[in-house]
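Encoded as C-alpha cells, the structure appears first; notes follow it.
The values are calculated or read from the model by the stated rules, or taken from the named source; none is laboratory data. Here the structure is a predicted model, which is why all the values come from computation and not from measurement. Cβ sites come from the backbone with ideal geometry, for glycine too, and all protein chains shown count toward neighbours.
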Amino acid sequence: MVTPTQLEEWIRSNCPFFWSSLSKNAQTTMPRGLVEYASTGTLSEIETGTDLKAIERYLTELANICSVRAVRDTYRKEFSGADSANRLAELFSEIAVCASLAALSGNIKLRPATGKGSYSDCFFSLCGFDIFAEVKRYQDPWPHVKKPGDDPNNDAPYRRSISQRPLAAKSTDLARPRSMDLRSKLRDVHRQLPDGTLNILFVFHPSLAEPKRYLTQTFFGDANFFNDGGPFVLESDGLFYLNEWSIVSACWLARFLPEIGVIFPSMWKNPRAQLEIPVPLLDAIEKMHNEAVHRIADKSGSR
C-alpha cells in the first residue's frame with residue numbers, strides 16, 4: 001500500500017502540473033480521494049500503470065490550448081477537495097474527454113455557463129459548429145449489490161433484472177435493473193446544458209457487464225435491451241422520450257485506456273432532438289475513435 005508521503009513524492013516528481021494544481025493545504029495534507037485512489041496498489045504499480053501520468057499529459061495539453069491559469073483555476077478546488085477515489089475518477093474522465101476534444105478542435109472553453117445557473121463541462125467548435133459537452137462517469141457496482149440482511153459469508157453475486165417489474169412481480173434475489181439507476185442519475189443532466197445549442201453527452205460506465213445495452217435501455221427504454229443493431233424503438237421510459245431531453249442531440253459511451261487515450265465505442269442519436277447532430281461532427285469523433293483503436297492494435301502487434 002502506498003503511504004501519503006510516498007504518493008506525495010511520486011506526484012511531485014512525475015506529475016508536476018497536477019501537483020501545482022493542488023492548493024497549498026492539499027499539498028501539505030494529501031486529499032483523501034487522492035490517497036484512496038492510490039491506496040489499492042503498490043508504488044511500483046503506480047509507477048508502471050498509471051492513470052495519473054495520463055491525466056498529467058491531458059492537463060498539459062489543455063494548458064497549451066486554454067492557458068495554464070485557466071486549467072488550474074478550473075480544477076484546483078475540486079482536485080484539492082476530492083473526498084473519494086470515485087470523485088477523482090469522475091474529474092479525470094472529464095479532463096480526458098475535454099483534452100481529446102480540444103486536440104480535435106484546436107480550441108476549448110472549460111466549464112462555460114449555461115444561462116441556467118449551472119455550467120457545462122466544456123464548449124468547443126468543430127467543423128463550423130459550436131458544441132457544449134457534458135461528461136459523466138458511473139461505476140457499475142454489479143455483481144456485488146449490497147442489500148439489508150445480506151449474509152456476509154455469501155459473496156455470490158445477485159442476479160439483475162433486465163427491466164423494471166410491477167411490485168407484485170419483484171423477486172427478492174434480483175437486483176434492480178441497471179437502466180433504472182442510470183436513468184435516475186442522468187435524469188437532470190439537461191440542466192447542465194444550454195437551451196438552443198448543439199449539446200452532447202459522454203458517459204463512462206466501467207462495468208463487468210454490458211454498458212452498451214444498459215445505456216441503450218436508459219435512452220430508449222427497457223424494451224430495447226436485446227436490440228443490438230437498431231433501429232431502436234423509443235419507449236416512454238427512455239430519457240430521449242422526455243421533452244426536456246430534446247436539448248441533448250447525441251450521447252457517446254466513453255472508455256479511458258491509460259496507454260492509449262479515450263475511445264468512443266458506441267453512440268446514440270436523440271430522435272427527438274431539437275438540433276440534429278451534424279454528420280461532419282459525427283465523422284470527426286468517429287475518426288478520433290478509430291485512430292485510438294488503431295493505436296491499440298499497433299501496440300498489441302508490437303508485443
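Inspect the stretch 220-228 for any residue being in the same structural domain as residue 120 (by TED's automatic domain parsing), assigned to a helix (DSSP H, G or I) and aliphatic (A, V, I, L, M) and give the result as yes or no. Yes; the residues of the stretch 220-228 include at least one that is in the same structural domain as residue 120 (by TED's automatic domain parsing), assigned to a helix (DSSP H, G or I) and aliphatic (A, V, I, L, M).
Evaluate the following for residue 86: is it surrounded by fewer than 17 Cβ atoms within 10 Å (Cβ to Cβ), modelled with pLDDT under 95 and either under 27 Å from residue 29 (Cβ atoms) or assigned by TED's automatic domain parsing to the domain that holds residue 29 (or both)?
So residue 86 fits the description; yes.
Residues in the stretch 243-274 that are buried (at least 17 other Cβ atoms within 10 Å of the Cβ) and not in a strand (DSSP E or B): 8 in all.
Note on the stretch 1-22: residues that are touching a Phe, Trp or Tyr at 6+ places or on another chain (Cβ under 6 Å) and of a type outside the set (D, E, K, R) amount to 3.
Screening the stretch 283-303 for residues that are closer than 29 Å to residue 235 by Cβ and surrounded by 17 or more Cβ atoms within 10 Å (Cβ to Cβ) and picking the one that is modelled with the lowest pLDDT gives 289.
Taken together, the criteria exclude residue 208 from residues that are buried (at least 18 other Cβ atoms within 10 Å of the Cβ) and in contact with a Phe, Trp or Tyr (Cβ under 7 Å, 6 or more places away or on another chain). Applying the set (1) at pLDDT 60 or above; (2) among the small types (Gly, Ala, Ser); (3) surrounded by fewer than 17 Cβ atoms within 10 Å (Cβ to Cβ) to residue 175 leaves exactly one unmet item: (3). Among the residues of the stretch 180-203, are any within 26 Å of residue 116 (Cβ to Cβ), crowded, with 22+ Cβ neighbours inside 10 Å and touching a Gly at 6+ places or on another chain (Cβ under 8 Å)? For the stretch 180-203, residues within 26 Å of residue 116 (Cβ to Cβ), crowded, with 22+ Cβ neighbours inside 10 Å and touching a Gly at 6+ places or on another chain (Cβ under 8 Å): absent.
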